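Report on the following structure.
The values are calculated or read from the model by the stated rules, or taken from the named source; none is laboratory data. Quick caveat, the model's predicted, so the values are computed rather than measured. All Cβ positions, even for glycine, are placed from backbone atoms using ideal geometry, and neighbour counts span all protein chains on display. Ligands, DNA and RNA are excluded from the accessible area calculation, which covers all protein heavy atoms including side chains. Shrake-Rupley method; radii C 1.70, N 1.55, O 1.52, S 1.80 Å.
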Amino acid sequence: MSEKIDWYDEFVDLGYTPAKDELICLYYFEPAKGMSEKEAAGRIASESSAGTWTTLHKLPERVERIKARAFHIDGKYVKVAYPLDLWEPGNAPQLLSGIAGNIFGMKALQNLKLIDASLPKKYIKSYKGAHHGITGIRDLLKVKIRPVTGAVPKPKIGFSAAEHAKIAYETWMGGFDLVKDDENLTSPSFNRFEDRVARMAKLRDRAEKETGQQKDALLNITGETKLMIQRAKLLHESGFRFAMIDVVTCGTAAVQTLRDECSDLGLAIHAHRAMHAAFDRNPKHGISMYFLAKLMRLIGVDEIHVGTAIGKLVGTKKEVVDIADMLRSPSVEPGTMLEQDWGTIKPVLPVSSGGLHPGLVPNVMQILGNDCTLLVSGGIHGHPKGTRAGAMAAMQAIEATMDGIDLKQYAVNHKELKQALEKWKYFKPR
Ligand code: CAP
Ligand code: MG
């Protein structure tokens, strides 16, 4: 009998029960034309673990022990079990190179999406998770119950450092906790990072003095890793307690480095997810935002954008709630997503942002509850009376929602909210 030319079938065992300490992945998959589900599933398990396209002359014995197994196929979903020995402890890039690497390019698959991964305790203990987490952030800002609030100066780029800091002051004076850089603002010639930090620190101190509240900023340190470390140190020296990182464009390796640097400096990490929609928007292909958020909680960001469900950017209500619940809970029961026991990894804050204004605050709080960071940017700077009034209107909308009072009624005695509702009503931007 002629020798087999491939051994993908050895990576499928539909009767297999994974060991407790195996890492389990859930994929949505569509076999290519002429490819059976089992053939496609074998290719996913093989190419993401220890296999290759053809049988080999020599095979180390341990391959049998460390190979992945596709063990459950249910319609267009397949579960794959990965022995722990495949994974270098604490190496997030290597995990992605395995479970989210070559397999997306296999001709045997028309579509493939990594939906979730159930990370065993032995694996997650090689990560530190967030330094601050939800309680830490609330302590930093002395915001006990309500959502944390923030805004980005808009337009997202174009102000000088001086102009940027002035808008920040107005935002803080309107009652907001945080002023966030936009995702593509780092250090352009007209708004150098160092200049912005110095000016923002001065006006932060003034706003804190005048309001008696804690004020802070999510200044974007995004850049080459050594530069990010320098920028994090400057934030710390300037009295800031947060740093913002565009985690997708910087990559997991950089986020892991900055997690430790920021922790040493006591800085909480705000994770912007710009570029996520390049791979999570298509329901049939790519990597889910749920998994990206899970990985970032594991590495140790303190808060991460999860969407609004009602704002200008994609993301359904179920997706937003599933992600937020996964970020805030000590464990996840098996359901549409896999089970997850977070052990000692701290819960972190979901951030809701994108097309929000005071009229939409009740909707977002109904979806996410109070344990979130609400970023309302265009929705305050576009207020008819300007930024400070816009921030006041958003704070009034939060107060009304927490007191269970209809916005319209609350607006009778709160003119800033009334003016916001006159402009935007309950408009849902696209
Ligand atoms: C929002 C925002 C955020 C998006 C990111 C923007 O501004 O600053 O980057 O919310 O999306 O640039 O669009 P607006 P997500 O509040 O003015 O819309 O939070 O979904 O990652
Ligand atoms: Mg932005």
The chain: relative contact order in percent, alpha carbon pairs under 8 Å with at least 6 residues between
16
Looking at the square roots a ≥ b ≥ c of the eigenvalues of the Cα gyration tensor of region 133-424, which shape do they give, rounded for a/c under 1.5, prolate if a/b is larger than b/c, or oblate?
oblate
antiparallel share of DSSP beta bridges within the chain, to nearest 5, in %, is 45
Cα centroid distance between region 114-193 and region 240-286, in Å?
11
Inter-site label distance for residue 144 and residue 278 at 7 Å from Cα along Cβ, in nm:
4.5
Helix 193-211 vs. the chain, principal-axis angle (Cα, 0 to 90°, nearest 10):
50
Can you tell me the length gained on complete extension of the stretch residue 318 to residue 20, counting 0.36 nm per residue apart and subtracting the Cα distance?
104.4 nm
Zone of residue 84's modelled label, taken as backbone nitrogen in region 10-42 under 18 Å from a point 7 Å along Cα→Cβ:
17-25
So the angle from the long Cα axis of helix 289-299 to the longest Cα principal axis of the chain, reported in degrees to the nearest 10, equals 80
Which order do 372, 250 take when ranked by solvent-accessible area (1.4 Å probe, heavy atoms of all protein chains), largest first?
250, 372
Average accessible area per residue (Å²) across the chain - probe 1.4 Å, nucleic acids and ligands excluded
43
So how much slack lies between residue 76 and residue 237, counting 0.36 nm per residue of separation and subtracting their Cα-Cα distance, in nm?
52.8 nm
If the limit is 24 Å between Cα atoms, which of 122/226; 38/125; 156/312; 215/408; 209/408; 144/233 go over it?
122/226; 38/125; 215/408; 209/408; 144/233
Here region 6-22 yields Karplus 3J(HN,Hα) values (6.51, -1.76, 1.60; θ = phi - 60°; whole Hz; Gly and Pro given as x) of 9, 10, 4, 5, 6, 10, 10, 8, 6, x, 6, 10, x, 6, 4, 9, 8
Quick one: angle between helix 37-47 and the longest Cα principal axis of the chain, in degrees between 0 and 90, rounded to 10, please.
80
Where does the Debye-calculated log10 I(q)/I(0) of region 146-282 sit at q = 0.10, 0.14, 0.18, 0.19 Å⁻¹, using only Cα point scatterers of equal weight, no solvent?
-0.31, -0.60, -0.98, -1.09
Which distance in nm do the two modelled labels at residue 225 and residue 37 give, with both placed 7 Å along the Cα-to-Cβ direction?
4.2
Region 5-54-region 328-373 distance, computed between alpha-carbon centres (Å):
32
Could you sort 110-116, 87-93 so that the peptide with the highest average Cβ count within 10 Å comes first and the rest follow in order?
110-116, 87-93
Accessible area of residue 392, 1.4 Å probe, to the nearest 10 Å²?
60
Rg and Dmax of region 238-395, Cα atoms, in Å?
16.1, 48
For the chain, which whole percent of the accessible surface, found with a 1.4 angstrom probe, sits on carbon and sulfur atoms?
53
Could you sort 385, 294, 156 by their accessible area in this structure, using a 1.4 Å probe and putting the largest first?
385, 156, 294
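Output needed for region 157-206: three equivalent-ellipsoid semi-axes, defined as square roots of 5 times the C-alpha gyration tensor eigenvalues, in descending order, whole Å.
After scaling each eigenvalue by five and taking roots: 18, 11, 9 Å.
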Could you work out how far apart the two model spin labels at residue 370 and residue 399 are, taking each label as a point 7 Å from the Cα in the direction of the beta carbon, and quote it in nm?
1.6
Please give the FRET efficiency for residue 428 paired with residue 190, using the beta carbon to beta carbon distance and R0 = 25 Å, rounded to the nearest 0.05.
0.15
With R₀ set to 35 angstrom, the calculated FRET efficiency between the beta-carbons of residue 157 and residue 91, to the nearest 0.05, is 0.50
